[in-house]
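Here's the structure, in structure tokens; my notes come after.
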Amino acid sequence: MLLMTRTTGWVGPPRRRWQIQCTRGLWILGAGACGWQWSAVAQAQPANNTREAPSRAPEVRAPEVLRQVPAIYPEAGGAGRVVLAVTVEANGSVSTVETLVSQGELLDKAATDAVRQWQFAPATRDGVAVAAKIEVPFDFVEPAPPLQAEKPSVSVAPEAPAATPPSIPAASGDPASAPASIPLPSAAEIVGAGALSNEVIVQGGVTRSEKRSASDFTLRRDLIHAAPHHEGVEVLRAAPGLYIARPEGAAVAHRYMLRGFDSEHGQDIEFRVAGFPINIPSHLHGQGYADLGFLIAETVDELRITEGVHDPRQGDFAVAGSIDVRLGVADRGITSRTSYGSFDTFRQLAVWAPKESARDSFAAVAYQSTDGFGQNRRGAGVSAILQHALQAGDWRLRVAGIFYGARAEMAGILRQDDVQAGRVGYYDVYPLATARAQNALAARVLVGAFGDYRGMASENAEFGLWLGYDRFRLQENFTGFLQRSRTLANVAGRGDLIEQRNRTFSLGASARYYSPAYEPFDLFEGHLELGLSARLDEVEQAQNLLDAAVRSQTWDEQVDAALLGLDVGFWGDLDLHLTEAVQLRLGLRGDALAYEIDDRLGNFATLIRPQDTYIVGFRRSVFGLAWGPRASIDVRPWEPVTLHASYGEGYRSPQARTLEDGERTPYTKVRSSDVGVRLHPTKAIEVSLSGYHTQLSDDVAFDAGEGRLERVGATRRLGGVLHGQSRPWPGVVAAASVTYVDAELIEPPPATNEEPDPPFRRGQNLPYVPPVVVRADLGVTRPLWALDGAGTLTGRVGVGASALSSRPLPFGDLADPLVVLDVSGGLRLGSIELGLDVFNLLDTRYASLEYSFVSAWDPDSPGSRLPARHFNAGSPRTLLATLEIEL
Amino acid sequence: MNVRSLCRGPVTLLVPAWISACLDTGLDQVQVPLNLAGTALDAPFSVRDDWQVELEQAQLAFGPLRLCAGQRASGLCDTARAEWLDSAVVDLVSGTPMPVGELSGSSGVVRSSMYDLGIVSLLTRSEPVLLTAAEALGGQSLRLVGRASQSDVSLLFSVAMRIEQGEDVERGAPVIRLASTPDQVHDLGQPGSSLTVRFDPRPLLSNVDFTGLMQSTACQPTCPAPIEFVEGSQPYRAVRNDIQAGPRPVFEWRVDDP
């Protein structure tokens, strides 16, 4: 890689490393510079304006670079010149950065991020420090072939004089992202007169590639923010094959479906946000519970989606894949965003992104409240995210904190036959105390410190330490009036209002090291990565039945448990460049899992237990090791084409309370393989097509009657993903994906005396899994009208569409297909934007989720014991108007 | 080649399974015609102590009926395989099947069943609920009127009986649960299936002590008015016991060409 700075038009003392370009590169604020008089940055004009020189030219010195952080060449590649207008304040800090010449968001971002971290000796006029504005061009150059580009190279302009090197830290990004790091130029790279302009050339290097399969995707800010978002987590909708619903209200985690997996509340997707692992093991409401309600959409900078299991860094819950959410704020300064719309929905966002910091430093807080789109859906929540990053030598250190709380009422599920018969409205709740009492509360805090080291020759490392506290309480009735009390004899029918409480305290650490290149001979280059991750979770959980009609009296105790879980993961990964066109990675990952379970109601059996024969309670412990290989190969037969093949074995930890004492394989094994091709026919287009096969040793499916996940046996998924994204013109981004899967049960649970004919049979399609998921996103931002003296009026339009095919339900039923279309538009003038978001534009009446199970919602008639279709209503057409002000 | 086999072929890559026909949900939803029938009695029948009984009227309130996949219909039948939620009055002395509706459910084998006799117990109520069939019988589950004879002695009798969950039985549970018997086993997935539940009234009176009943009355050798079985008496308990725990109705499955 290469980085070079050149300047021209030198005015000022000789041998300065940074130069003043009188004609185009520097404007001194409020005073004359280079013989001209300027009044303000806003009036800065190209310096070929001709003005009469004052009688005495003041002595002007340009800003001098004291600390230069290199730009990070983006993994997605790209080339071209980005020209930035950088305001250097009188204290030497960078305040504003404007893009004068853009090469797309990714390159603009890389350049802007870098220059924001630079520090200068300020410009002076007659010895007095003054603010100045300079142009800084960055030339991005495509990477050379791997074996040649691995070691950064430096190009020095022939006319470069020697110069004293500034303090030069290495660049870095987020630890896991591992884009090519660009070492800083030596002093000789910052050269003096003779060149045409200040110029920084950034050439991509090759490090550990994040895209190990054709099912790995990186979605950038412009794409994930193209469609409107009702809540932060909806930025994930742009992920190929991912469907998100929030059927249980604003305080319960979403339901996620990804390439053939009904991941429930996150059991099959490993989520990571800003370096924090989000899934909570052994959560009472669902294994791997991942509530992303805290996400603030405006702070989501990038999504990295790894579908399948083939990267040794993927740990627990990476069954369908992993999603890594990177946070950052592009628009620096203070931003206020106020929204109001349908159903008395109100949202207030405030973001503070210090102008002198990089985009990964910010503080944001969002409050939202709504009456909901139907009965019993009122809710409110607040989320605060703080992140600050600083450079310390070769390390980039980052501290982050996430604070979240929400409470919401829930309408719960409705029987389809009740709606069809007019007994309850589509968006209503059953007119019963036990239904109206449904609600949830969530509170979560995550704090951590992370470090990211970028060395030479692709050497890099990272570490993280974090603490988490999560509190969850739910009152929910799925089945109406079917439950009997286990604790109290002859007590039944008080309504199946289940109360769940779960409290988790977690602490964890992670570290990895990626070695410099090892090159024993030509045409071979190897790296070794060693990694470690560990977490400890202490969980308290309880489940009861409440009688909503009598001040929520407890009428049964079902769960009362304390759990301790420990997961220590370790991996090694060889990253081998065999030729310029072949990259092979061979890895191995192991996870040691240990549990202690204190199931305080574990052997409770009132009706058959003589009162004095034993004491209720059941304690056990478990230890097991899950391990498996991870391998992938890339072949680039010709320039725009990369062929991928990958295989990996992963695991999902169990719901600890279901384990038997001494169980030796306390996990579900997943085997995942992918083959595919990735094409870049032009710089603006990326297309990938992949086929995959995933097999699970012991899958689970939601059993609403039991209110938990039940084992259904071994399963397999066979499918494909077609994804394309394009940025054909500046300000235009479009993406579309189609995911198809045939998910079937290959080893149903064996027949027993009690269940001689299980409802699952070999070869059937897995319930709840949509065979086809389609997603399309489009975003267009264009200048519309140049207003005299008031800037340019800019228009924005965004579209997001999701479609799900019909999907099987248990007991022979089928859920309806659905199509939902969201659109948004906005007008921006200067620092003010007015926007309008319309969700479900077509006002489609759809069920966000459907189920089939037995319920009895009429307390006055004999209820059916046949499974019936139930659903959670999806939101009708919803309008949200937004006013955004940047201060 | 059926639709499913097409769906599993390469066609799916071109025409993904948006079409629900390509989805194998494991089970199919079925509707099975349900008939109720008694037993035609051409002649008096013998019961305890060689009494001959001739029934003039025999009606039973029946329903709801649930068919279960398990070997024993009990708590395991929380999810029924098929059910008929209505109720109807069965003429126990008519052998002609009477259509009463359809069993709804999903394909698969049924092995056991459970039912009520026109009066159901709800989890949510302490008092049982009368369905239409029991209301038609004046709030009773069973009505019998007949004549019992032995040598030159005869008597008219009548039975009116509520069969409902007692205090000692689980609230919300059906009053009669039948463990698996060969006649109950049937695969509901067979097209053209229909079910006739046939009752025989004779076992209901087989343990009635008509001799004792006769001796307790003052109207020998012939009683002109019907003697009603009084709750708590031996005849009453004998009928109640036989209807709850005695011989079962017969499940007559029939499969016609669809």
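Bear in mind that the values in this text are calculations on the coordinates, not laboratory data. Since the model is a prediction, treat every value here as computed from it, not as a measurement. Here Cβ is always computed from backbone atoms with ideal geometry, including for glycine, and neighbour counts include all displayed protein chains.
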Report task. For region A:441-451, just list the computed ³J(HN,Hα) in residue order, Karplus coefficients 6.51, -1.76 and 1.60, θ = phi - 60°, integers in Hz, with x standing in for Gly and Pro. Result -> 10, 9, 9, 8, 10, 10, 9, x, 10, 9, x
Requested in this report: Pick out which of B:Met114, B:Met161, B:Met214 has the largest mean-square fluctuation in a Gaussian network model of chain B, springs linking Cα atoms closer than 10 Å.
Outcome: B:Met214
Query raised in the report: Of A:Ala392, A:Asn477, A:Leu441, which is farthest along the charge dipole of region A:358-495 in the positive direction, counting Lys and Arg as +1 and Asp and Glu as -1 at C-beta?
Result: A:Asn477
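Under a Cβ-only charge scheme (Lys and Arg +1, Asp and Glu -1), can you give me the dipole magnitude of region A:622-731 about the Cα centre, in debye to the nearest 20?
Numbers: 14 positive and 13 negative charges, 81 e Å.
So the dipole magnitude of region A:622-731 works out to roughly 380 debye.
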Query raised in the report: In whole Å, how far is the Cα centre of region A:624-651 from that of region B:74-123?
Result: 56 Å
Query raised in the report: Against the longest alpha carbon principal axis of chain B, how many degrees, from 0 to 90 and to the nearest 10, is the axis of helix B:234-245 turned?
Result: 10 degrees
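Once the Cβ-Cβ distance between B:Ala40 and A:Ala489 is put in as r, and R0 is 45 Å, what FRET efficiency do you end up with, to the nearest 0.05? Provide the component values of the computation, followed by the final result.
On the way: r = 46 Å, r/R0 = 1.03.
With a Förster radius of 45 Å, E is 0.45.
Would you list A:Ser824, B:Ser216, B:Ser151, A:Ser485 from fewest to most Cβ contacts within 10 Å?
B:Ser151, B:Ser216, A:Ser485, A:Ser824
Taking the Cα centre of chain B as origin and charging only Cβ (+1 Lys, Arg; -1 Asp, Glu), how large is the dipole, in debye to the nearest 20?
620 debye
Can you compute the FRET efficiency between A:Thr844 and A:Ala594 using 1/(1 + (r/R0)^6), with r the Cβ-Cβ distance and R0 = 41 Å? Round to the nearest 0.05. Intermediate values should be presented prior to the final figure.
On the way: r = 48 Å, r/R0 = 1.17.
The computed FRET efficiency comes out at 0.30.
In terms of the Cα gyration tensor, with a ≥ b ≥ c the square roots of its eigenvalues, is region B:107-258 rounded because a/c is under 1.5, prolate because a/b exceeds b/c, or oblate? Working shown, then result.
Values: a/c = 2.59, a/b = 1.66, b/c = 1.56.
Prolate is the answer for region B:107-258, as a/c is 1.5 or above and a/b outweighs b/c.
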**Report entry** FRET efficiency, 1/(1 + (r/R0)^6) with R0 60 Å, evaluated for A:Ala509 and A:Val128 via beta carbons
**Finding:** 0.75
Query - Gained length - A:Tyr614 relative to A:Trp638, 0.36 nm times residue gap less alpha-carbon distance - result: 1.4 nm
Query raised in the report: In nm, to one decimal, how far is the A:Val399 label point from the B:Met98 one, both placed 7 Å along Cα→Cβ?
Result: 8.3 nm
**Report entry** Average beta carbon contacts from partner chains per residue of A:803-809, 10 Å cutoff
**Finding:** 4
Query - Inter-label distance, nm, simple model (7 Å from Cα along the C-beta direction), B:Glu170/B:Ala225 - result: 4.4 nm
Requested in this report: List every residue whose amide H lies under 5 Å from the amide H of A:Leu849, counting only residues 5 or more places away in sequence or on a different chain, with H placed 1.01 Å from N in the peptide plane.
Outcome: A:Asn872
**Report entry** CD proxy at 222 nm, helix term only [per DSSP H run n ≥ 4: -39500 (n - 2.57); per residue of chain B; nearest 500]
**Finding:** -3500 deg cm²/dmol
Query raised in the report: How many Cβ atoms of partner chains, on average, are near each residue of A:461-470 if near means within 10 Å of its Cβ?
Result: 0
Query raised in the report: With respect to the cross-link table entries A:Lys133/A:Lys683; A:Lys109/A:Lys133; A:Lys211/A:Lys683; A:Lys109/A:Lys211, which display a Cα-Cα separation exceeding 27 Å?
Result: A:Lys133/A:Lys683
Report summary line: Once phi for every residue in region A:854-864 is put through the Karplus expression 6.51 cos²θ - 1.76 cosθ + 1.60 (θ = phi - 60°), the whole-Hz ³J(HN,Hα) values, with Gly and Pro written as x, are 8, 8, 9, 9, 9, x, 10, 9, x, x, 6
Query raised in the report: What is the Cα coordinate range of region A:274-335 on the first, second and third principal axes, sorted by size from largest, in whole angstrom?
Result: 40, 29, 14
Requested in this report: With a point put 7 Å past each Cα toward its Cβ, work out how far A:Glu660 is from A:Ala881 in nm, to one decimal.
Outcome: 6.4 nm
Query raised in the report: Can you list the HN-Hα couplings for region A:112-117, worked out from phi with the Karplus curve (6.51, -1.76, 1.60; θ = phi - 60°), rounded to whole Hz and with x for Gly and Pro?
Result: 5, 4, 5, 5, 5, 8
